[in-house]
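The values are calculated or read from the model by the stated rules, or taken from the named source; none is laboratory data. Since the model is a prediction, treat every value here as computed from it, not as a measurement. Because the Cβ atoms are built from the backbone with ideal geometry, glycine has one as well, and the counts that use them run over all protein chains shown. These area figures cover heavy atoms from the full protein model, side chains too; ligands, DNA and RNA do not enter into them. Shrake-Rupley method; radii C 1.70, N 1.55, O 1.52, S 1.80 Å.
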Amino acid sequence: MKPRCCIRSDNSGKTPCSTTDTADNRLLVGGTFCDLRKAFDCVDHGILLNKLLKYGIIGKSHKLISSYLANRYQRVIIAGKCKTFNSEWKLIKQGVPQGSILGPLLFLIYINDFPIHAQPSTKTVLFADDTSMVIKSAHPTEFTNAIQNNLIDADKWFKENLLTLNTDKTNILQFYTRNELPDLRILYGDKQLHTVNTTKFLGIIIDSTLSWKQHVDNITSKLNKACFAIRTVKAYVATAILKTIYFSYFHSVMTYGVIFWGNSVGSKHIFKIQKGVIKIIYNLKVRDSFRTAFKNLEILPFYSQYLYSLLMFVAKTESYFKIMPTITHLTQDIKTIFTYHQQI
C-alpha cells in the first residue's frame, strides 16, 4: 500500500457561516458524521511510521516515536473479594496510547491524508477521531451520489488503513429550510445509514434547520444543575468561592460554542438562567439592579459574552475574512480591540 500523504493545514473546516450561506443560496447541503470503531486502538504502527517518514519525520525523531510505540505490554486485572485474577502480559501490536498528549496527535497524523480521497465538492473536518464530510450541490441526484460516492471512497481508505466505520453510530444530516422535506437514502454496503435531524459533533448538538433548539435544551439542563449547586453551597462559602464555582460549572458550559448558537431564539432562556444564578451569588432583592451585580462581580451578561466571543473569533481567525474588503477594515479594528484587551 502506498497512501498519498500530505500535511494539511485546513482540516478544521471553513468559517461557521459557510453552511448557512450555502443553504441561503438554495444549494443542498449535508454532512456525513463518521464514527470509527475503536479508532485509537486500531492504528497500525507500520502504516503510521511509514506516514511519518513521508511527512519528513526522519532520523532520531522517527526512532524516538518508533521506540515510544514498540515493546508495550498490557494485561487485565480483576480484583475479587477473595482473590485477584491476572491475565498474561501481551504485546501491543497496534494502537496509540489513550489519555496521553501524543496519542491524539499521532492519530491525527494517521488520518491526515483521508481528505485527499474525498470528492472535489466535499469539505472534510478532522478532529482526533471525529471525522465529518460536508457536501453541497445544486441538484438532488448529484447531491445523493456525492454522499454515496464519498462513503465508497471512505470505505476503501478505511480498509487500506485498517480502520472500521461504525455504521450504527455514523449519521447523515441534511441541512434544509422549514419549507423543505428532505428524502435521503444512503447505503453503506447492504446497510442503510441513519438519516437524522440532530447529531452531536464536538460537544455541540447540530440540527437540520440550525435552530439550535436541541443544543439549548441540553445545556439548559446542565446550567440548572449548576445553579442548584451554587444555591446549595451559598450559605457555607464566600462570594469569591461562588465565583470560582460559577466559572467552573456554569460559565464554561454557557460559553462553549456560543458563537454558533448565541443569536438563536432559545438564547433568551440561557440569559434568564444566568440572571438567576447572579441573583443567588450577589443576593439580589426583587428591585435590585442586575447591571450593578454583573459589574461588581466582573461577569459579562450573556449577550455581551456572545459579542465578545465573536470579536475574539474574528481577531484570531483574521485570514478567513480577508476575502471581503469591507470585512478586512472591520477585522483591523477588531484586532486593535483584541490587542488592547491583552494589554489590560
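Heavy-atom accessible area, probed at 1.4 angstrom with all protein chains present, ranks E318, E142 as E142, E318, highest first.
Pairs with C-alpha atoms separated by more than 21 Å, drawn from the list K93/K200; K38/K81; K243/K279, are K93/K200; K38/K81. Each part reduced to its alpha carbon centroid, segment 100-137 and segment 45-71 end up 20 Å apart.
Heavy-atom accessible area for V253, with the other protein chains in place and a 1.4 Å probe, reaches approximately 40 Å². Here is the list for segment 81-127: chymotrypsin sites (Phe, Trp or Tyr not before Pro) lying in DSSP coil, each with at most 12 other C-beta atoms within 10 angstrom of its C-beta, are W89. FRET efficiency for the K83 to K38 pair, using the beta carbon distance and R₀ = 41 Å, is estimated at 0.85.
Just going by the charge dipole of segment 166-236, with Lys and Arg at +1 and Asp and Glu at -1 on Cβ, which of L193, S221, T167 is farthest out on the positive end? Going by the charge dipole, the pick is S221.
Can you return the lysines within cross-link range of K60? Criterion is Cα-Cα under 21 Å, with same-chain partners fewer than 8 residues away left out. Within reach: K51.
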